[in-house]
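Each value in this text was obtained by applying a stated rule to the coordinates, not by laboratory testing. Being a predicted model, the structure only gives us computed values, none of them experimental. Every residue, glycine as well, gets a Cβ built from its backbone with ideal geometry; the counts of neighbours run over all protein chains shown.
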């Protein structure tokens, strides 16, 4: 007996949607360019499509997560509190490179969201596990 065909193409349902492992690497300071905000928007879009999303902050990108950002003098909105919304999108893999924090005199307590602090070597291993890596 043959399997019945769907009568219309849109009735066909994919049983196991393809989930890819995406890593978004944030290397730039939060203001002065659009990269940080664009990265956050792309992450939210990928998460909405139920992809496996990791977010990494290194170099000046660690400043994106810094508490107490006062952006009034530069005339821009402080978007760092938006990182708290990531959990609602099931984005829970947030990594910060230990060396980048240390070099900039920051600690985990200085950040607006909980993160996993990893060494440069651990970060390399995490990157090796990804299917897609995008750098902002």
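When the chain is fully extended, how far beyond the present Cα-Cα distance does residue 116 get from residue 41, taking 0.36 nm per residue of separation?
Numbers: separation 75, 0.36 × 75 = 27.00 nm, distance 2.12 nm.
Contour length minus Cα-Cα distance gives 24.9 nm.
Please say if the chain is rounded, prolate or oblate, where rounded means a/c under 1.5 for a ≥ b ≥ c the square roots of the C-alpha gyration tensor eigenvalues, and otherwise the choice is prolate for a/b larger than b/c and oblate otherwise?
Details: a/c = 3.05, a/b = 1.94, b/c = 1.57.
Prolate shape, in that a/c is at least 1.5 and a/b is the bigger ratio.
Rounded to the nearest 500 deg cm²/dmol, what is the calculated helix-only ellipticity per residue at 222 nm for the chain, with -39500 (n - 2.57) per DSSP H run of length n ≥ 4?
Values: 3 runs with 29 residues, N = 136.
It lands at -6000 deg cm²/dmol.
Round to the nearest 10 and give me the degree value, 0 to 90, for the angle of helix 35-48's Cα axis relative to the longest principal axis of the chain.
30 degrees
Cβ neighbours within 10 Å, averaged per peptide: list 27-40, 52-65 in order, most packed at the top.
On the way: 27-40: 17.2, 52-65: 22.4.
Ranked by mean Cβ neighbours within 10 Å, highest first: 52-65, 27-40.
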